[in-house]
């Protein structure tokens, strides 16, 4: 006999997860998965709790600034439970279109009452009603989309944030504007953000919910329009993107089968609209496709692996790039340092029909000789190119972390070169947009190495065309 459903609703589950994740010891995504399993919530509440947790974390910076405009107590000075109750409710009012305002406000009051008393409930209700009254309108956003790549023209690079905002949202009060992912925007009756001409990083960081130190870097490196595009992409809910398993299906046959399973699919880009667990689809169980972002799919082809070549993927988990390499007939060694991840890859490869040699190995010290024709290292990184999927990364990361990461990444790249045959290739990749982890590191390795040449380089910025971004470079070793 199955267990009864949980008495806890989606908002209660979301609040508990967000509170437990605040100290940073565990990821909210892991806590959410555990809570949904333990509380046995309904399918509807599972979907809502997931949306609440991820949206509230994504928009935390924006929500805090808005709440501060209507509260006598700054959010950072509130007790954690009150802070997250208000963030959750404000998130529903602004960013979750299908939730009635009364439901968000009533539940916030009840949560505050359960945590403290009627006075706390009154405080929460007062702040949220003031916020609600200040929203002039929420409407469709028909403005031109932001740029999706760093512009080549110097005039575009030098364009100020104020100018970029005028192009992105012409004739709108930018300091009163809240962009809402999915093509909507809210207009308030008062200024919320700093002056974009005087404090560009502060304005963009608050309006688009990114740390100011990161915004400052992106404005300087990519230009204002591309930086805004990357931040908007980081706030969006990314589509599920799939890749055809060439060993078992063609694009046409996969699309036909998915539609037979009542799954909406974009035939051109293979974006899938599926709200249930993908593992329940028969086409997935049969290994016809893998879930893999478009930017990530661009990396494995850069290895140029040929049938029969011996190729290593030294940071292989979860195995998507390994599968791509093996589908072309290469003999692939898939290595990772965590046993659980290695076992997970084994199950995935079995489903896909992929042949690969699994290895438990530290990428910084791989237990191999100079035997590989090519090596791929998709190194651990800051994840600044995939903030739409790694929703907590922006708030956990500090600028000093980039140098720590770069030292580890350089060790892995040097180790990859050391196990590659003369004349072979090494492809280095990250999900980061930061130069310390990408161009600067690769050029230093080539400059300090012996007979290394940069053959190809790829950098993708998130934006309207790419929901996620990253970097990859192919390095050629000198033949003897």
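The values are calculated or read from the model by the stated rules, or taken from the named source; none is laboratory data. It should be emphasised that the depicted structure is a prediction, and the values quoted were computed from it without experimental measurement. So basically every Cβ, Gly included, is an ideal-geometry build from the backbone, and we count neighbours across all protein chains shown.
Values as computed for the structure displayed
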| item | result |
| --- | --- |
| Top-ranked residue in segment 22-38 [being surrounded by 12 or more Cβ atoms within 10 Å (Cβ to Cβ) and in contact (Cβ under 8 Å) with a residue 12 or more places away in the chain; ranked as farthest from residue 75 (Cα to Cα)] | 36 |
| Unmet requirement for residue 268, which otherwise passes all of (1) under 21 Å from residue 463 (Cβ atoms); (2) touching a residue at least 12 places away in the same chain (Cβ under 8 Å); (3) exposed (fewer than 14 other Cβ atoms within 10 Å of the Cβ) | (2) |
| Any hit, segment 450-461, residues being surrounded by 17 or more Cβ atoms within 10 Å (Cβ to Cβ), in contact (Cβ under 8 Å) with a residue 40 or more places away in the chain, within 18 Å of the chain's Cα centre (by Cα) and not in a strand (DSSP E or B) | yes |
| Positions within segment 50-65 being assigned to a helix (DSSP H, G or I) and either within 14 Å of the chain's Cα centre (by Cα) or within 20 Å of residue 34 (Cα to Cα) (or both), in sequence order | 50, 51, 52, 53, 54, 55, 56, 57, 58 |
| Residues located in segment 40-61, provided they are surrounded by 19 or more Cβ atoms within 10 Å (Cβ to Cβ) and over 25 Å from residue 386 (Cβ atoms) | 41, 45 |
| Selected residue (only one of 391, 408 is out of contact with any strand residue (DSSP E or B) (no Cβ under 9 Å at 6 or more places or on another chain), outside the structural domain of residue 213 (by TED's automatic domain parsing) and closer than 18 Å to residue 205 by Cβ) | 391 |
| Positions within segment 33-49 being more than 14 Å from residue 21 (Cα to Cα), at pLDDT 85 or above and in contact with a helix residue (DSSP H, G or I) (Cβ under 7 Å, 6 or more places away or on another chain), in sequence order | 36, 45, 46, 48, 49 |
| All positions within segment 103-132 that are closer than 25 Å to residue 183 by Cβ and either touching a residue at least 60 places away in the same chain (Cβ under 8 Å) or loosely packed, with under 15 Cβ neighbours inside 10 Å (or both) | 103, 131 |
| Residues (free of Cβ contacts under 8 Å to residues at least 60 places away in the same chain, more than 22 Å from residue 44 (Cα to Cα) and in a loop (DSSP other than H, G, I, E, B)) located in segment 238-265 | 249, 250 |
| Residue under evaluation residue 383, criteria (1) on the phi > 0 side of the Ramachandran plot; (2) loosely packed, with under 15 Cβ neighbours inside 10 Å; (3) touching a helix residue (DSSP H, G or I) at 6+ places or on another chain (Cβ under 8 Å), criterion not met | (2) |
| Entirely in segment 289-379, the helices (runs of 4 or more DSSP H) that have 2 or more residues that are under 25 Å from the mean Cα position of the chain (by Cα) and under 26 Å from residue 433 (Cβ atoms) | 294-297, 320-327 |
